[in-house]
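The values are calculated or read from the model by the stated rules, or taken from the named source; none is laboratory data. Treat the numbers as computed from the prediction; the structure is a model and nothing was measured. For neighbour counting, all protein chains shown are included, and Cβ atoms are generated from backbone atoms with ideal geometry for every residue, glycine included.
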Amino acid sequence: MKEFLRRQATVRGGRDGTVEAHTSKAVFSLSKPEEMGGNPPAKTNPEELFAAGYAACFSSSLEYLLQEASESYEDLEVTATTALVADGNAGFKFAVTLNPKITGLEQSVADQFIESALAFCPYSKAIKGNVEVTIKK
């Protein structure tokens, strides 16, 4: 398999540590969410970082598909919400809600691009069959 792009990040210290992106040198402080016994003010956490990554990837996929189709639009926005859901004795699993908005495009046309992006997006492909993804309109 020919790689197109490779990026790396390192976490030190677990849930109360730091994550560093190697290329950009961005460093984020991590803390346990209050729901897991953490203290406010909360810093970021793996669930929030996953939501950010998925929203960015899905938005990028929409942008790519719209440009490939030479479709005019004003703006696009994607909000991803992750939830940890109890998975019986297996611990937890993710559920994700995506709320994509494409302004300047008829909703029926936007819906077609959103469905196409769901099949195109690398994050969507990676979690297919493992994570319940809901599209919110």
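Brief remarks on what is shown
- The residues in the stretch 109-132 that are closer than 18 Å to THR82 by Cα and without any contact (Cβ under 8 Å) to a residue 12 or more places away in the chain can be counted, and the count is 4.
- Hits in the stretch 1-57 (condition: over 29 Å from ILE114 (Cβ atoms), in contact with a Pro (Cβ under 8 Å, 6 or more places away or on another chain) and assigned to a loop (DSSP other than H, G, I, E, B)): ALA42
- Qualifying position, being in a strand (DSSP E or B), within 12 Å of TYR54 (Cβ to Cβ) and in contact with a Leu (Cβ under 9 Å, 6 or more places away or on another chain), among VAL133, VAL96: VAL133
- Hey, SER70 part of a helix (DSSP H, G or I), over 22 Å from VAL131 (Cβ atoms) and without any contact (Cβ under 8 Å) to a residue 12 or more places away in the chain or not: no
- Note on the stretch 43-60: residues that are polar (S, T, N, Q) and at pLDDT 95 or above total 2.
- Entry remark, the stretch 86-132: residues being within 23 Å of MET36 (Cβ to Cβ) and not acidic (Asp, Glu) number 14 in total.
- Any hit, the stretch 57-80, residues being of a type in the set (A, V, I, L, M, F, W, C), out of contact with any strand residue (DSSP E or B) (no Cβ under 8 Å at 6 or more places or on another chain) and outside the structural domain of LYS93 (by TED's automatic domain parsing): no
- Residue check for THR44: over 17 Å from the mean Cα position of the chain (by Cα), closer than 29 Å to LEU5 by Cα and of a type in the set (Val, Ile, Thr): no
- Residue selected from the stretch 70-91 under the condition surrounded by 12 or more Cβ atoms within 10 Å (Cβ to Cβ) and not polar (S, T, N, Q), by the criterion modelled with the lowest pLDDT: LEU84
- Meets criteria (aliphatic (A, V, I, L, M), within 13 Å of the chain's Cα centre (by Cα) and closer than 24 Å to ARG6 by Cα) for ALA83: no
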